[in-house]
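Chemist: Okay, here's the structure, questions in a sec.
The values are calculated or read from the model by the stated rules, or taken from the named source; none is laboratory data. Because the structure is predicted, anything quoted here is derived from the model rather than measured. Backbone-built Cβ (ideal geometry, glycine too); neighbour counts: all protein chains shown. Protein only, heavy atoms only, side chains kept; ligands, DNA and RNA dropped before computing areas. Shrake-Rupley method; radii C 1.70, N 1.55, O 1.52, S 1.80 Å.
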Amino acid sequence: MEDVTINYYNKNAKEYIDLTRDTAKETRELKFIKYLKKASYILDLGCGSGKASKFFMNNGYRVCALDASIELAKLTSEYLGQQVICKRMEEIDFNNEFDGIYASASLLHIPKNKQKEVLTKLTKALKENGYMYVNYKYGNFEGIRDGRYYSDFTMEEIEKIIEQIRQLKIIEKFIIEDELGRGNKWINLIMKKHL
């Protein structure tokens, strides 16, 4: 993840939390947990405000929350009542640990040429038959936008990257409108790990 993005979230942590924590819909979270048994262990990668982590915890799941922003990690640790790991996605080194990985609005901050590398690390972090949710803004843009680094994808483009990771298989994909009314669309993918 680019330093400019982490700096943005450090400087704007409170505003970002105010914008995202109280959004009413849990569309993506609900689609994801239908694949998981209760008490499954979920990595919330780029947990941000902690909205999804709190939802999972309140619904009987165990959560490991991780974010690259020290300021978001501090505030979200207080909100969740448990420590948020402060680490860049590229630095994770989990092995066969999680039943599910939820990466909402996080991998889109990784440059396109590093997506396969990070997705491979995430696959390694999943247990066999584990599930991974990822999403990206729909489009072709890559670069700095709104003070952060973004990699937008078309469905075909991200599918080509995922196809290169032998153990991952896409089991559900859908496109939704932006829930904050910003006028863009989001690509959503749920994948399963096979050995």
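Chemist: Over the alpha-carbon set of segment 1-109, divide Rg by the Kirkwood Rh and report the Rg/Rh ratio to two decimals. Could you put the intermediate results ahead of the total?
Modeler: Details: Rg = 13.1 Å, Rh = 14.0 Å.
Radius of gyration over Kirkwood radius for segment 1-109 works out to 0.94.
Chemist: Can I ask one more? Once you've got the GNM for the chain with C-alpha springs shorter than 10 Å, pick whichever of Ser69, Ser77, Ser49 has the biggest mean-square fluctuation.
Modeler: Ser77
Chemist: Return a whole-number percent for the relative contact order of segment 28-133, with Cα pairs under 8 Å and 6 or more residues apart as the contact set. Each step should come with its number before you reach the end.
Modeler: Values: 175 pairs, mean separation 30.7, N = 106.
Computed over segment 28-133, the figure is 29 percent.
Chemist: Based on alpha-carbon positions alone, could you give the equivalent ellipsoid semi-axes of segment 50-195 from the gyration tensor, as √(5λ), descending, whole Å?
Modeler: Working: eigenvalues 100, 82, 46 Å².
After scaling each eigenvalue by five and taking roots: 22, 20, 15 Å.
Chemist: What span do the alpha-carbon atoms of segment 18-80 cover on each of the three principal axes, reported in whole Å from largest to smallest?
Modeler: 32, 23, 16
Chemist: Using a cut-off of 18 Å between alpha-carbon atoms, which lysines can reach Lys54, once sequence neighbours fewer than 8 places away in the same chain are excluded?
Modeler: Lys14, Lys25, Lys31, Lys34, Lys37, Lys38, Lys74
Chemist: Within segment 84-152, what percent of beta bridges assigned by DSSP are antiparallel, to the nearest 5? Intermediate values should be presented prior to the final figure.
Modeler: Numbers: 4 of 9 bridges.
Bridges in segment 84-152 that DSSP calls antiparallel: roughly 45 percent.
Chemist: Give the aspartates and glutamates reachable from Lys185 as a straight Cα distance under 12 Å; neighbours fewer than 8 places away on the same chain don't count.
Modeler: Candidates past the 8-residue exclusion: Asp152, Glu177.
Chemist: Calculate what fraction, in whole %, of the accessible area of segment 1-84 sits on carbon and sulfur atoms when a 1.4 Å probe is rolled over the protein chains.
Modeler: Numbers: 2010 of 4040 Å².
Taking all protein chains in place, segment 1-84 shows 50 percent carbon and sulfur surface.
Chemist: With both partners inside the chain, how many of the DSSP beta bridges are antiparallel, as a percent to the nearest 5?
Modeler: Working: 20 of 36 bridges.
Looking only at bridges with both residues in the chain, the antiparallel portion is about 55 percent.
Chemist: So, one more: From zero up to wherever the largest Cα-Cα distance of segment 64-125 sits, split into 10 Å bins and tell me the percent of pairs in each.
Modeler: Result returned by the calculation: 20, 52, 26, 2.
Chemist: Here is a further query. Counting alpha carbon pairs within less than 8 Å and at least 6 residues apart, what relative contact order, in whole percent, applies to segment 105-195?
Modeler: Numbers: 156 pairs, mean separation 31.1, N = 91.
RCO, segment 105-195: 34 percent.
Chemist: I need to check one value: relative contact order of the chain, counting alpha carbon pairs closer than 8 Å and at least 6 residues apart, in percent.
Modeler: On the way: 383 pairs, mean separation 37.5, N = 195.
After rounding, I find 19 percent.
Chemist: Need the C-alpha centroid separation for segment 1-28 versus segment 115-144, integer Å.
Modeler: 19
Chemist: Now, a different point. Find the Cα radius of gyration of segment 90-149, compare it with 2.2 N^0.38 Å by division, and give the number to two decimals. Please list the in-between numbers first.
Modeler: Numbers: Rg = 12.6 Å, N = 60, 2.2 N^0.38 = 10.4 Å.
My calculation over the Cα atoms of segment 90-149 gives 1.21.
Chemist: What is the spin-label model distance, in nm, from Lys38 to Ile176 if the labels are put 7 Å beyond Cα along the C-beta direction?
Modeler: Taking the simple label geometry, Lys38 and Ile176 are separated by 2.4 nm.
Chemist: So, for the chain, what is the accessible surface per residue at a probe of 1.4 Å, expressed in square angstrom?
Modeler: Values: 9080 Å² over 195 residues.
Dividing the accessible area of the chain by its residue count gives 47 Å².
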